[in-house]
Structure formats: C-alpha cells, structure tokens
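K.L.:
After the structure tokens below, expect a handful of questions from me.
The values are calculated or read from the model by the stated rules, or taken from the named source; none is laboratory data. These numbers were taken from a predicted model, which means no experiment stands behind them. Note: ideal-geometry Cβ built from the backbone for every residue, glycine included; neighbour counts use all protein chains shown. Surface areas here come from the heavy atoms of the whole protein model, side chains and all, with no ligands, DNA or RNA. Shrake-Rupley method; radii C 1.70, N 1.55, O 1.52, S 1.80 Å.
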Amino acid sequence: MDREQRERPAAAGLAALLTRRAGVPVEVGPGEPATVRWVDGPTVGQMAELVAELRADELLRPGALSYAHRPSSHGRAVTALLWLDEAPERCGLHEAVVADRAERDIGRPELAEHGWQRRAAALLGLGPGGHRFTLTALRLLLEVARTHGWEAGLTWLDTTASAPRSRLRVVR
C-alpha cells in the first residue's frame, strides 16, 4: 500500500473535522503538502487558525498543509460589499484590489444578512457574465459610489435588486 492510499482515511477524517468546525464542506487532498479546499466559509487565515487549534493527532502531518479557498461568485459579491461598507473610502480603489482584499479579509459570506445577500445578487446581475462575479459589475458600483457616495451606491443596488428582470440586447 503506498503512502497516498494510507493517507486517504486520515485526510477524510481531517476533512470531516474541518467541515464541522468551518460550517462549510471541506476537502483535504492527500499529497505533499496536503491541500485543504473549500468554497466560501472562512478566509484562508481563519481556516489556518482552525487548523492551529487541532491536536497533533488530528492532523495528517503538522505543518504539511496548503490552502485553496475558492469563493463562489455570490460569496465574492457579498465579501466585496461588506468590505466596502466597513470603510466606504475604499470605493476609490481599483475593482481588482477591492475583490482581492475583500476575499482575504471577509469570511463567511453565506452568513451575511438577507439585505446583503440581495445586494450581492443585484451586483451579480449587472455584469456581462450572467450571475457570475465580474470586475465589470463591481466597477459599475464603484463608479456610482465615487460619483454619488456609498449610500447612493447601496440605494442603486437595492433598486436594481427589486426591479423586474429584463434582458438587454446590443444593437449594432
């Protein structure tokens, strides 16, 4: 039996333990280093803290983990909105910087209040990618906020969220 086959049960046990603690499904892939993967939920830093709280016998090999956090489109939209709301002066930053820092700093987007969830859905609906998070949609929101203020940007999203859905078509 090779090492990877021996590590699979330990990886599955660690994944189950982290799933319970993180509140979102977590996968742990065997390998060197083993990779912890999850969607939404805690930030990478928060997951590393959860791992640090484990006993040595609960880990595959202490210190031998890497982290692969993949936020969903909706999760990215929620974290961007919450991060901007913490400090509206951040609306002056480039949209790629906003998205990156929000993902790094804001965890557990699935637990955000309903109003933020609706605003995130409205933000997703602005972009050219359907209901995927795009920097184009975030740029539109940032332009409104830069021009009229953050509260006006939120009002604009709230209006967009409650408006009936329509499809726009490019006419050439």
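K.L.:
Across every pair of different alpha-carbon atoms, what Kirkwood hydrodynamic radius in Å does the range 24-122 reach?
P.N.:
14.6 Å
K.L.:
Expected output is a single nm value to one decimal: the length gained when fully extending between residue 53 and residue 162, i.e. 0.36 nm times separation in residues minus the C-alpha distance. What is it?
P.N.:
So the chain would gain 34.9 nm between residue 53 and residue 162.
K.L.:
Moving to a separate point now. For the range 26-69, what's the radius of gyration and Dmax over Cα atoms, in angstrom?
P.N.:
Expressed in Å, the Cα Rg and Dmax of the range 26-69 come to 9.9, 27.
K.L.:
Given Cα pairs under 8 Å that are at least 6 residues apart, what percent is the relative contact order of the chain?
P.N.:
It comes to 18 percent, rounded to a whole number.
K.L.:
Quick one: angle between helix 3-22 and the longest Cα principal axis of the chain, in degrees between 0 and 90, rounded to 10, please.
P.N.:
Tilt of helix 3-22: around 50 degrees.
K.L.:
Hey, rough spin-label estimate for residue 19 and residue 66, points 7 angstrom out along Cα→Cβ, what's it come to in nanometres?
P.N.:
2.4 nm
K.L.:
What dipole magnitude, in Debye to the nearest 20, does the chain give about its Cα centre under +1 on Lys/Arg Cβ and -1 on Asp/Glu Cβ?
P.N.:
With only Lys, Arg, Asp and Glu charged at Cβ, the dipole is about 740 debye.
K.L.:
Over the Cα atoms of the chain, each weighted equally, I'd like the Debye log10 I(q)/I(0) at q = 0.08, 0.12, 0.15, 0.21 Å⁻¹, rounded to two decimals.
P.N.:
These q points yield log10 I(q)/I(0) values of -0.32, -0.63, -0.83, -1.27.
K.L.:
Based solely on its DSSP helices, what 222 nm [θ] is calculated for the chain when runs of n ≥ 4 H residues each add -39,500 (n - 2.57) and the sum is averaged over all residues, nearest 500 deg cm²/dmol?
P.N.:
One gets -17500 deg cm²/dmol as the mean residue ellipticity at 222 nm.
K.L.:
While we're on this one: Quick check: at a probe of 1.4 Å, how many percent of the accessible area of the range 73-139 sits on carbon and sulfur atoms?
P.N.:
The computed percentage sits at 50.
K.L.:
Report, for the chain, the % of DSSP beta bridges that are antiparallel, rounded to 5.
P.N.:
45 percent
K.L.:
Right, something else. Normalised by the empirical 2.2 N^0.38 Å for globular proteins, what value does the Cα Rg of the range 72-120 take?
P.N.:
Taking the Cα Rg and dividing by 2.2 N^0.38 Å, one obtains 1.02.
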